[in-house]
Amino acid sequence: MDDLVYKKRGKGPAIASAASTANANAQIPSFAQLQEKQRSELIEMAQVRFGIKGSAVQINLAPLQIHLGMTQKEIFKALLDAPEAEHADQVLYALAKGEIDADMANQILASLALLDKFKKIKIES
């Protein structure tokens, strides 16, 4: 039968363990790196979707005047001129053309998703 005996660890395995932990931490991207990756993937997805990158695509969206100098409120006002079903596509198209930046597009898309969820909530009296 084995005796339960506490054995003190040597420095060898502890150092190796600390080194492997340091390597694991070095492989984890920072929050800023993750945000930048998300921005670039969102832009690339929008460009591919609307034919700016890759094969040409026929786009039938209502023309809107969206540009980099607009605030989020102004972009929402401009979106009112487009059919509701096109709102997310309009934002992605403006992003693909470089008319808004990825952070603004991400905020607007999140707001549109929230608004859509609020519309689906049924209020009982």
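Residue ranking by accessible heavy-atom surface, 1.4 Å probe, largest first, among H87, H67 comes out as H67, H87.
Per residue, segment 33-125 exposes an accessible area of 70 Å² to a 1.4 Å probe, with every protein chain left in place.
Rounded, prolate or oblate: which fits segment 54-109 when a ≥ b ≥ c are the square roots of the eigenvalues of the alpha-carbon gyration tensor, with rounded for a/c under 1.5 and prolate only if a/b beats b/c? It comes out oblate by the Cα gyration axes. For L92, L114, L61, L80, the ranking by accessible surface with the largest value first comes to L80, L114, L61, L92, using a 1.4 Å probe. Between D116 and A56, the modelled labels are 3.0 nm apart [label points 7 Å from Cα along Cα→Cβ]. For segment 60-125, the relative contact order comes to 32 percent (Cα pairs under 8 Å, sequence separation of at least 6). Ordered from largest to smallest accessible area (heavy atoms of protein chains, 1.4 Å probe), the residues F118, F50, F76 come out as F118, F76, F50.
Taking 0.36 nm per residue of separation and subtracting the Cα-Cα distance, full extension of the segment from K97 to L34 would add 20.4 nm.
The values are calculated or read from the model by the stated rules, or taken from the named source; none is laboratory data. Note that the coordinates shown come from a computational prediction; the quantities given were computed from them, not determined experimentally. Because the Cβ atoms are built from the backbone with ideal geometry, glycine has one as well, and the counts that use them run over all protein chains shown. Accessible surface areas use protein heavy atoms only, side chains included; no ligands, DNA or RNA. Shrake-Rupley method; radii C 1.70, N 1.55, O 1.52, S 1.80 Å.
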